[in-house]
Amino acid sequence: MSIQMREGYKGTGPGAITPDGCAVELYSRLPVGDEPEIIAGVAPRGARILELGSGVGRMTHPLIERGFTVTAVDESAEMLERVRGARTICSPIEGLALDEKFDVVLLASFLVHTGDPEVRRGMLATCLRHVADDGFVLIQREGEDYHTNVPRERVDPRGFTVRIASTEPIGDGVNSVFVEYFFPDGEWTQTFRTRPLTKEQFEEAMDEAGLKVDRYLTEDRIWVKAVCRWGDGGAGGVKAVPVG
């Protein structure tokens with residue numbers, strides 16, 4: 001089936017490729033990291049979570065196992081076919097408009113760094129539109145050395161290698177990133193566009209969207225808890241890193 005790729009995005013390798021260059025088979029193989037523990041550490045017990053950009057459910061499934069009710073949103077029907085135990089909705093994030101609110105809205109996978117600022121604004125508007133008055137938004141940012149420590153690679157003990165091969169400026173503050181994945185029985189690549197944001201630029205983007213940083217959940221400031229500017233954001237269960 002033919003799909004419309006997003007401008008500047010590309011993927012190669014076996015199986016279906018999504019509009020942002022992700023390979024469905026590849027993401028079905030990649031293990032989840034410590035993300036579910038970070039989310040579970042701050043989300044209320046049994047919370048209703050809206051997961052934006054769920055993919056094949058790498059985080060969805062561990063969150064369900066921890067007792068959360070997850071609504072998984074992705075623009076790829078092929079990705080959502082791999083999700084089990086969650087309500088699934090096939091839609092671009094920036095176009096989502098459900099008539100309901102959630103305890104936690106999750107925007108992971110560095111999606112806040114999308115190269116197109118209008119798409120970023122649309123994603124953050126979706127977060128604000130769907131978060132409950134006493135809820136909060138969890139956002140995953142890029143690490144501070146994401147675009148400077150290149151090339152770099154990680155050899156996973158499970159037998160595959162991920163290599164960030166290059167990240168090149170293409171104008172207007174946007175970089176084109178090229179990533180390679182090597183498995184014993186297959187290879188994949190992904191090219192995508194990302195906009196590096198300093199801590200100050202990130203917080204300005206939050207403010208513009210009607211959100212504010214409540215706390216940074218990890219020492220590297222990659223995981224962020226954000227709340228509505230006019231809300232209290234609820235209580236958190238992990239040790240916070242003060243803003244500033």
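Can you compute the FRET efficiency between S166 and E144 using 1/(1 + (r/R0)^6), with r the Cβ-Cβ distance and R0 = 22 Å? Round to the nearest 0.05.
Computed FRET efficiency for S166 and E144 comes out at 0.75.
Between V42, V227, V105, where does the largest GNM mean-square fluctuation fall for the chain, given springs only between Cα atoms within less than 10 Å?
Among V42, V227, V105, the largest GNM mean-square fluctuation belongs to V42.
Once fully extended, how much extra length lies between E100 and Q201, figured as 0.36 nm per residue of separation less the alpha-carbon to alpha-carbon distance?
33.4 nm
Compare G159, G15, G95 in a GNM of the chain, Cα atoms joined below 10 Å, and give the one with the largest fluctuation.
G159
Accessible area per residue of region 84-147 at 1.4 Å probe, in Å²?
I get 41 Å² per residue for this part.
Suppose accessible area is computed on protein heavy atoms with a 1.4 Å probe; arrange T191, T60 from highest to lowest.
T191, T60
Contour minus end-to-end for T69 and F182, with contour as 0.36 nm per residue of separation and end-to-end as the Cα-Cα distance?
Taking 0.36 nm per residue and subtracting the Cα distance, the gain is 37.3 nm.
Using R₀ = 25 Å, calculate the FRET efficiency as 1/(1 + (r/R₀)^6) where r is the Cβ-Cβ separation of E81 and D134; round to 0.05.
It comes out at approximately 0.15.
Please list, short to long, the whole-number percent of alpha-carbon pairs of the chain in consecutive 5 angstrom bins beginning at zero.
1, 6, 14, 18, 21, 19, 13, 7, 2, 0, 0
Which order do you get for E144, E35 if you rank them by accessible area with a 1.4 Å probe, largest at the top?
The ordering from most to least exposed comes out as E144, E35.
Determine the sum of side-chain charges near E203: Lys and Arg each +1, Asp and Glu each -1, restricted to other residues whose C-beta is under 14 angstrom from that of E203.
+3
Would you calculate the separation in nanometres between label points at S91 and E118, each defined as 7 Å from the Cα along the Cα-to-beta-carbon direction?
Once both label points are built, they end up 2.0 nm from each other.
Under 10 Å, Cα contacts only: if you run a Gaussian network model on the chain, which one of T198, T88, T189 comes out with the highest mean-square fluctuation?
Of the options given, T198 has the highest mean-square fluctuation.
Quick one: with all protein chains in place, what share of the accessible area of the chain is carbon or sulfur, to the nearest percent (1.4 Å probe)?
49
The values are calculated or read from the model by the stated rules, or taken from the named source; none is laboratory data. Nothing here was measured: the structure is a model prediction, and the numbers come from that model. Methodologically, a virtual Cβ is constructed for each residue, glycine included, from the backbone with ideal geometry; neighbour enumeration extends over all protein chains shown. In case anyone asks, the SASA skips ligands and DNA or RNA and just uses the protein heavy atoms, side chains included. Shrake-Rupley method; radii C 1.70, N 1.55, O 1.52, S 1.80 Å.
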